[in-house]
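Peer 1: Below you will find the structure I want to go over with you.
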Amino acid sequence: MVLKARLKRRYIPVLRPRRGVLTDRAIRRAYLTGELWVEPFDAALVRPAALSLRLGREALTLVTTGPVDVADRSTHPELVPKEPDGRGRLVVEPGEVVLAPTLEKIGLSDNLVGLVDGISDYARLGISVVLCGQVSPGFGRHAGAVLTLEIVNHLRHPVLLYPGARICNLMLFASAGSELTYGEMPHNYSNDHMVVASRLADHVWHH
């Protein structure tokens, strides 16, 4: 009985907060146990301390016609679909802001937190892939959801991107679990299966 008690006290589940960032073994284990949901899942995309995600097929550009008042939805940029070029590439013009989903839908348990980061290969070409990277506990927990990438071309000429190619990394961290999961918060993006417009106007008030 004493030996069993000692073993019980020494056992530390893989997703305890003291583990910090999940490395490759822990990412694969989280996927197998259901703590992490990824569809489609490609084991080749598991990195030493992150899971790579691929660029989805849909893309939209932000088009404005005047000043943008964040509290006034009528002034928000229009989301205009971008068609691929003749070779299936996504063309991002200089200074253009494009919203595109990840190919993968993901879901996090209440004990996981994610951080989406760009890839150095793209940054070295003057391309920003992620402007807002936090993925809260419980994101996409029920049916999975895409992550929306904010892609900006900082060069003087167009950049050609390839849907289906690796585009960003999702770092995963163990957490103690939140009292309120992201999916329970109002105006969230936890069930999105495609790119949607900003919901900021729903919770911004004039003072």
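Peer 1: Give the stretch 94-129 a look and list any residue that's without any contact (Cβ under 8 Å) to a residue 12 or more places away in the chain and polar (S, T, N, Q), or say none.
Peer 2: The initial filter retains those residues of the stretch 94-129 that are without any contact (Cβ under 8 Å) to a residue 12 or more places away in the chain, namely 120-121, 123-124.
Selection gives SER120 alone.
Peer 1: Moving on. Being outside any strand (DSSP E or B) and either in contact with a Cys (Cβ under 7 Å, 6 or more places away or on another chain) or at pLDDT 95 or above (or both), is that true of even one residue in the stretch 102-114?
Peer 2: Within the stretch 102-114, the first condition is being outside any strand (DSSP E or B), and the residues that meet it are 109-111.
Checking which are either in contact with a Cys (Cβ under 7 Å, 6 or more places away or on another chain) or at pLDDT 95 or above (or both) leaves us with none.
No: the stretch 102-114 contains no residue that is outside any strand (DSSP E or B) and either in contact with a Cys (Cβ under 7 Å, 6 or more places away or on another chain) or at pLDDT 95 or above (or both).
Peer 1: Output the number of residues of the stretch 115-133 satisfying the condition of being within 10 Å of the chain's Cα centre (by Cα), within 28 Å of GLU93 (Cβ to Cβ) and part of a strand (DSSP E or B). Explain how you work it out, then say what you get.
Peer 2: Quick first cut of the stretch 115-133, residues within 10 Å of the chain's Cα centre (by Cα) only: 115-117, 130, 132-133.
Remaining after also requiring within 28 Å of GLU93 (Cβ to Cβ): 116-117, 130, 132-133.
Then drop every residue that is not part of a strand (DSSP E or B), which leaves 116-117.
Counting residues in the stretch 115-133 that are within 10 Å of the chain's Cα centre (by Cα), within 28 Å of GLU93 (Cβ to Cβ) and part of a strand (DSSP E or B) gives 2.
Peer 1: Would you mind telling me which numbered condition in (1) modelled with pLDDT of 95 or more; (2) part of a loop (DSSP other than H, G, I, E, B); (3) open to solvent by 40 Å² or more (accessible area, probe 1.4 Å); (4) over 18 Å from VAL159 (Cβ atoms) PRO94 fails?
Peer 2: (4)
Peer 1: Looking at the stretch 116-133, which of the residues that are over 19 Å from VAL46 (Cα atoms) and of a type outside the set (A, V, I, L, M, F, W, C) is least open to solvent (accessible area, probe 1.4 Å)?
Peer 2: Per the criteria, the residue is GLY126.
Peer 1: How many residues are within 21 Å of SER120 (Cβ to Cβ) and open to solvent by 30 Å² or more (accessible area, probe 1.4 Å) if we restrict to the stretch 134-155? Spell out how you get there, then give the answer.
Peer 2: Let us first name the residues in the stretch 134-155 that are within 21 Å of SER120 (Cβ to Cβ), namely 134-135, 147, 149-155.
If we keep only those that are open to solvent by 30 Å² or more (accessible area, probe 1.4 Å) too, we end up with 134, 150, 154-155.
Adding up the residues that qualify gives 4.
Peer 1: Can you work out which of the residues in the stretch 42-66 that are of a type in the set (A, V, I, L, M, F, W, C) and closer than 11 Å to LEU103 by Cβ is surrounded by the fewest Cβ atoms within 10 Å (Cβ to Cβ)? Don't jump to the end; show me each part of the working.
Peer 2: So in the stretch 42-66, the residues of a type in the set (A, V, I, L, M, F, W, C) come out as 43-46, 49-51, 53, 55, 59-60, 62-63.
Next, from what is left, pick out any that are closer than 11 Å to LEU103 by Cβ: 45, 53, 55.
On the way: LEU45: 18, LEU53: 24, LEU55: 22.
Taking the candidates together, the pick is LEU45.
Peer 1: Being touching a helix residue (DSSP H, G or I) at 6+ places or on another chain (Cβ under 7 Å), open to solvent by less than 40 Å² (accessible area, probe 1.4 Å), outside any strand (DSSP E or B) and in contact (Cβ under 8 Å) with a residue 40 or more places away in the chain: is that true of ALA71 here?
Peer 2: Details: touching a helix residue (DSSP H, G or I) at 6+ places or on another chain (Cβ under 7 Å): yes; open to solvent by less than 40 Å² (accessible area, probe 1.4 Å): yes; outside any strand (DSSP E or B): yes; in contact (Cβ under 8 Å) with a residue 40 or more places away in the chain: yes.
Answer is yes for this residue.
Peer 1: Open to solvent by less than 30 Å² (accessible area, probe 1.4 Å) and touching a Leu at 6+ places or on another chain (Cβ under 7 Å), is that true of LEU112?
Peer 2: Values: open to solvent by less than 30 Å² (accessible area, probe 1.4 Å): yes; touching a Leu at 6+ places or on another chain (Cβ under 7 Å): yes.
Against the criterion (open to solvent by less than 30 Å² (accessible area, probe 1.4 Å) and touching a Leu at 6+ places or on another chain (Cβ under 7 Å)), LEU112 qualifies.
Peer 1: Among the residues of the stretch 163-170, is there at least one that is assigned to a strand (DSSP E or B), touching a residue at least 12 places away in the same chain (Cβ under 8 Å), surrounded by fewer than 19 Cβ atoms within 10 Å (Cβ to Cβ) and touching a helix residue (DSSP H, G or I) at 6+ places or on another chain (Cβ under 8 Å)? Outline the logic, then answer.
Peer 2: At the first step, the residues of the stretch 163-170 found to be assigned to a strand (DSSP E or B) are 166-170.
Those still in the list that are touching a residue at least 12 places away in the same chain (Cβ under 8 Å) too: 166-170.
Checking which are surrounded by fewer than 19 Cβ atoms within 10 Å (Cβ to Cβ) leaves us with 166.
Imposing the further condition that a residue be touching a helix residue (DSSP H, G or I) at 6+ places or on another chain (Cβ under 8 Å) reduces the set to 166.
Checked against the condition, which is being assigned to a strand (DSSP E or B), touching a residue at least 12 places away in the same chain (Cβ under 8 Å), surrounded by fewer than 19 Cβ atoms within 10 Å (Cβ to Cβ) and touching a helix residue (DSSP H, G or I) at 6+ places or on another chain (Cβ under 8 Å), the stretch 163-170 yields at least one hit.
Peer 1: To continue, here is another question. Suppose the filter is modelled with pLDDT of 95 or more, open to solvent by 60 Å² or more (accessible area, probe 1.4 Å) and assigned to a helix (DSSP H, G or I); does ARG25 pass it? Spell out how you get there, then give the answer.
Peer 2: Details: modelled with pLDDT of 95 or more: yes; open to solvent by 60 Å² or more (accessible area, probe 1.4 Å): yes; assigned to a helix (DSSP H, G or I): yes.
Yes, satisfied.
The values are calculated or read from the model by the stated rules, or taken from the named source; none is laboratory data. Remember, it's a predicted structure, so these values are computed and weren't measured experimentally. Virtual Cβ from ideal backbone geometry, glycine too; neighbours counted across all protein chains shown. Accessible surface is based on the protein model in full, side chains and every heavy atom, while ligands, DNA and RNA are left aside. Shrake-Rupley method; radii C 1.70, N 1.55, O 1.52, S 1.80 Å.
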